[in-house]
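These notes concern the structure reproduced below.
Just so it is clear, none of the values below were taken in a lab; they were calculated from the coordinates. Predicted model only: the values in this text are computed from it and were never measured. Note: ideal-geometry Cβ built from the backbone for every residue, glycine included; neighbour counts use all protein chains shown.
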Amino acid sequence: MAWTLTVSELNDYVRRALASDPSLRFLSLRGEISDFKRYASGHWYFTLKDEQSRIQCVCYRQNAMRVNFLPENGMKVLLQGAVGLYTVSGSYQFYADTITQDGVGELYLRYEALKAKLLKEGLFDVAKKRQLPLLPRAIGVVTSRSGAVIHDIATVTRRRYPGMQLILRPAQVQGEGAAEDIAAGIAEISVLPQVDVIIVGRGGGSLEDLWAFNEEIVVRAIAACPVPVVSAVGHEVDVTLSDLAADLRAATPSAAAELCVPELAVLQNTVAKFRAALERAGSGVILGGRARVTTLEKRLAGRHPAAMLRNAQSRAAVLKERLTALGEKQLTLRKARLSLLTDKLSAIGPRQALNRGYALVMGKGGPIVSVEQAQEDMTLLLRDGRIDVRAVNIRKEDPFAE
């Protein structure tokens, strides 16, 4: 008769069966790490794979602490541990006690080789990174139509700036042909005139899941894009070559939207502050202008023809008073000097000599002071009159000689 078991009973039976098999309890397992995750608890979860198969693996904190390196996607490692069953999910997995390096995986080598090539070409130069626009007219998004990426971006955009236009260019983000589709999407959406920035991305996954964003065609399409590109591929721990080529890398699609979409309320507040500052500055300019106009009006009033005439008249009156006073003073001085000279002249003049008994001889040409000037008819000027005389005898000698 067949057993009738619950799911828990079956999972527990299989777990005990695996645990009781000695060959599965102390096992060395070789493969390549993929989809590595390190949790806050200190536990590591990852996938170990080879060319055909893969298995989920766990390395608990107490074992992870003894590992002397940090595993990365693409690394080849050698695990020692046991096979078991996680009964809650019924998943078959490998519990690693120790982890040692066993070379580097093929994808990891390809990643590093292409990275070195493109780095040498300058596709990752920081100097070429462009700033994102403050307020884009529209944001282009290249991602899967059905994934959570476009939903997260739309949610953040509506919250931060309702009405901001999002333009989706659906693209295959995983598997064969994905890289070509992503590159074409970037080229197509970048030529739309209203698109000022582009978000390219997808959700998290293993190195293989994200590999399309490590393909050269995608990296070159991002580097050649005429508008800024924000890469939002995988989780924060996942770094693709697309991240390195983009103008800005976001840890998640939601973070990419935060970077591209400004907060409307913050912009409005900033505009209000600028308007207030501009009004204050304008008022200051107006007040300063009025003060200057007042000063100029006062200066102009002083230069008005009527005012200038009044000022000139006032100055003329003052000058007239000064000139009159100066003229009167000069006239008084000159009168006094004239009087003095008159007195001096009178004292030495002919009248005083006539009063002392002398006579003045006058001829036709003026006074006669020498016998050589003597004329036949002459006039004697005395103190009280004139006497006309005629010369009888003219001698030239000392008039006072005896």
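A few remarks follow.
- Rounded to the nearest 20, the Cβ-based charge dipole of segment 7-104 about its Cα centre (Lys and Arg +1, Asp and Glu -1) stands at 240 debye.
- Protection-proxy order for peptides 147-158, 333-344, each taking the mean of Cβ atoms within 10 Å per residue, highest first: 147-158, 333-344
- Ordering 308, 352, 173 by Cα displacement along the dipole of the chain toward the positive end leaves 352 in first place; charges were set at the Cβ atoms of Lys, Arg (+1) and Asp, Glu (-1).
- Of 49/117; 364/396; 76/115, pairs whose Cα-Cα distance is over 23 Å: 49/117
- Label point distance in nm, residue 379-residue 191, each placed 7 Å from Cα along Cα→Cβ: 13.4 nm
- Lys, Arg +1 and Asp, Glu -1 on Cβ, resulting dipole of segment 136-262 about Cα centre, debye, nearest 20: 660 debye
- Sorted peptide list for 313-321, 212-220, criterion being average Cβ within 10 angstrom, highest first: 212-220, 313-321
- Cα-based reach from residue 335 at 23 Å (exclusive), listing lysines while leaving out same-chain residues under 8 positions away: 320, 344
- Look at 329, 129, 115 and count the other Cβ atoms within 10 Å of each Cβ; fewest to most, that gives 329, 129, 115.
- The shape of segment 350-390 comes out prolate: with a ≥ b ≥ c from the C-alpha gyration tensor, a/c is at least 1.5 and a/b beats b/c.
- Between 297, 236, 176, the GNM of the chain built on Cα springs shorter than 10 angstrom shows 297 fluctuating the most.
- Distant-in-sequence amide contacts of residue 230, defined by a placed amide H-H separation under 5 Å and a gap of 5 or more residues or a different chain, comprise 198, 199, 200.
- For segment 350-390, the relative contact order works out to 37 percent when only alpha carbon pairs closer than 8 Å and six or more residues apart are counted.
- Lys/Arg +1, Asp/Glu -1 at C-beta; the chain dipole; positive extreme among 286, 98, 149: 286
- Residue by residue, segment 353-365 carries 3J(HN,Hα) couplings of 5, 5, 5, 8, x, 8, 10, 10, 8, 10, x, 5, x Hz when phi is fed to the Karplus relation 6.51 cos²θ - 1.76 cosθ + 1.60 (θ = phi - 60°); x denotes Gly or Pro.
- Summed over qualifying helices (DSSP H, 4 residues or more, each -39500 (n - 2.57)) and divided by its residue number, the chain shows a 222 nm mean residue ellipticity of -14000 deg cm²/dmol.
- Estimated FRET transfer efficiency (residue 235, residue 275; beta-carbon r; R0 56 Å; 0.05): 0.85
- Extended-chain gain in nm, criterion 0.36 nm per residue less alpha-carbon gap, residue 358 and residue 308: 11.1 nm
- Cα gyration tensor category, rounded, prolate or oblate, for segment 24-84 with a/c compared to 1.5: oblate
- Simple label model, 7 Å out from Cα along Cβ direction - residue 28 to residue 344, nm: 14.7 nm
- Phi-based couplings in Hz for segment 202-213 (Karplus 6.51, -1.76, 1.60; Gly and Pro marked x): 6, x, x, x, 6, 4, 5, 5, 8, 4, 4, 7
- Mean separation of Cα contacts under 8 Å, 6 or more apart, over the residue count of the chain: relative contact order %: 10 percent
- Grouping the Cα pair distances of the chain into 20 Å bins from zero gives a pair-distance distribution of 17, 25, 15, 7, 6, 6, 9, 9, 5, 1, 0 percent in increasing distance order.
- Going from the residue with the fewest nearby Cβ atoms within 10 Å to the one with the most, 39, 86, 111 rank 39, 86, 111.
- The listed peptides 266-273, 134-141, 196-203, 116-123, ordered by packing as a protection proxy, come out as 196-203, 134-141, 116-123, 266-273 (highest mean of other Cβ atoms within 10 Å first).
- Charged-residue dipole, Cβ positions (Lys, Arg, Asp, Glu), the chain about Cα centre, Debye nearest 20: 3640 debye
- In Hz, Karplus ³J(HN,Hα) per residue of segment 57-65 (6.51, -1.76, 1.60; θ = phi - 60°; x = Gly, Pro): 10, 9, 10, 6, 3, 5, 7, 5, 5
- Farthest positive-ward along the chain dipole, Cα basis, beta-carbon charges - from 108, 34, 201: 201
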